[in-house]
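First up is the structure itself, then whatever we jot down about it.
Nothing in this text is a laboratory measurement; each read-out follows from the coordinates by a stated rule. Since this is a predicted model, take the numbers as computed values, not measurements. Note that each Cβ is placed from the backbone with ideal geometry, even for glycine, and that neighbours are counted across all protein chains shown.
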Amino acid sequence: GFAHRTIGYVWCGLLMGGALVSFFIHELTGGFSPPHLFTIMTVIVVPWIIYAARTRRHKTHRNLVLLMAYTQILAGVLTFIPGRHSIGDLFWLVSDFDPQPSCLRPAIMSFEYSSRVRRHLSFAQQQK
């Protein structure tokens, strides 16, 4: 129906917009990296999704949409791998969570966080 088609076009537009923007995100690694394969796949599959829907190839359309959905979920999950330079870094920065295995207990985390704050404050005071 109309709602399905409208939501589909919006979803495809957002996917293509994100994919095209991601081609310009390479400052962190100095070039293209393996996650850019998701971008290439998106640029190829999204027009194919639209083509399959418009030519009434419903099974192909459904399978391609599921492929893209699972791929996007996988790409999103991979951004949260500690140590990777990606949007997942924002999660680590905002949460005050140090992803090192020795810091998983809250007491150790709060001690290390307070130690970092004390070091930063003492350094700032030395600079005055």
Where trypsin sites (Lys or Arg not before Pro) fall in DSSP loop in region 42-74, at most 15 other Cβ within 10 Å: ARG56, ARG57
Separation in nanometres of the label points that stand 7 Å from Cα toward Cβ, at ILE73 and THR60: 2.5
